[in-house]
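Worksheet: the structure to be examined is printed underneath.
The values are calculated or read from the model by the stated rules, or taken from the named source; none is laboratory data. This is a predicted model, so every value here is computed, not measured. As a convention, Cβ positions derive from the backbone with ideal geometry for all residues, glycine included, and neighbour counts pool all protein chains shown. In case anyone asks, the SASA skips ligands and DNA or RNA and just uses the protein heavy atoms, side chains included. Shrake-Rupley method; radii C 1.70, N 1.55, O 1.52, S 1.80 Å.
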Amino acid sequence: ALTLTEGRPPGGVWALPGWEEALFEVQDAGSQAIVEACGDGFGTALDMCAGNGGKSIPLAARCRELWCHDVDTERLKRLRARARRAGVSVQCTDGTLPDATFDLVLVDAPCSGSGVLRRLGRTMSFDVADGDEEDLAARRRSRDRVVHARADDALADFARLQLSLLRNAAARCGDRLVYATCSTLREELCGNQFYGAFVLNRRV
């Protein structure tokens, strides 16, 4: 892999010579690690949450047939365009998955994105309102309780969705199942009660 040691170039990476000619692809280190974890030498593969195709494109070069699934049709359009530019063949669907088993199934599951906060630049703002210090502190505590409750609900929703995706993936996996999230939160990793249940008993 090539690393840009002096930061983002003017016009972005996609303005560099060679991009239009498909001489290189843009992929962060985490995505590269996931692709390496998938291995190679398999015949058929399914990328269940393919998105824009950041991992699909290198996977396509490692297998005979690759299916890419995502519920976001706009992302799949961008994936198809990237695949054409790179000269690789992929089958895309935003609906029913093929009734088949695959040598490899990759699930890069939707999550909170806590592991890429630096890249996304997400922050939580704390508004300062008029009023005395005690009143302001009370309002902040009340607001924070609401924020934390919503965050807990969202994490629980992600955990249930991730389990559903794992179930679907396991039903279609003939050899290797690779699961990943870009999260550092215990609720979405091995501490996730749904994930633990899946590992202990694939029939949950």
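One line per residue, one yes/no per condition, for (1) under 26 Å from residue 175 (Cβ atoms); (2) out of contact with any helix residue (DSSP H, G or I) (no Cβ under 6 Å at 6 or more places or on another chain); (3) among the hydroxyl-bearing types (Ser, Thr, Tyr); (4) surrounded by 14 or more Cβ atoms within 10 Å (Cβ to Cβ):
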residue: 7; (1), (2), (3), (4): no, yes, no, no
residue: 10; (1), (2), (3), (4): no, yes, no, no
residue: 19; (1), (2), (3), (4): no, yes, no, yes
residue: 58; (1), (2), (3), (4): yes, no, no, yes
residue: 62; (1), (2), (3), (4): yes, yes, no, yes
residue: 69; (1), (2), (3), (4): yes, yes, no, yes
residue: 75; (1), (2), (3), (4): no, yes, no, yes
residue: 81; (1), (2), (3), (4): no, yes, no, no
residue: 84; (1), (2), (3), (4): no, yes, no, no
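Suppose we filter region 15-39 for residues that are touching a Cys at 6+ places or on another chain (Cβ under 8 Å) and of a type in the set (Asp, Glu); how many remain?
Residues in region 15-39 being touching a Cys at 6+ places or on another chain (Cβ under 8 Å) and of a type in the set (Asp, Glu): 0 in total.
Looking for whichever is under 22 Å from the mean Cα position of the chain (by Cα) and modelled with pLDDT of 80 or more here; the options are 155, 120, 189, 165. Which one fits?
165
Is there any pair linking a residue in region 170-186 that is part of a loop (DSSP other than H, G, I, E, B) to one that is aliphatic (A, V, I, L, M), with Cβ under 8 Å and at least six apart or on different chains, and which?
Going by the 8 Å Cβ cut-off, the qualifying pairs are 181/109; 181/189; 182/116; 183/189; 185/155.
Filter region 86-101 down to the residues that are over 17 Å from the mean Cα position of the chain (by Cα) and open to solvent by 70 Å² or more (accessible area, probe 1.4 Å), then identify the one that is nearest to residue 170 (Cα to Cα).
Checked region 86-101; the qualifying residue nearest to residue 170 (Cα to Cα) is 101.
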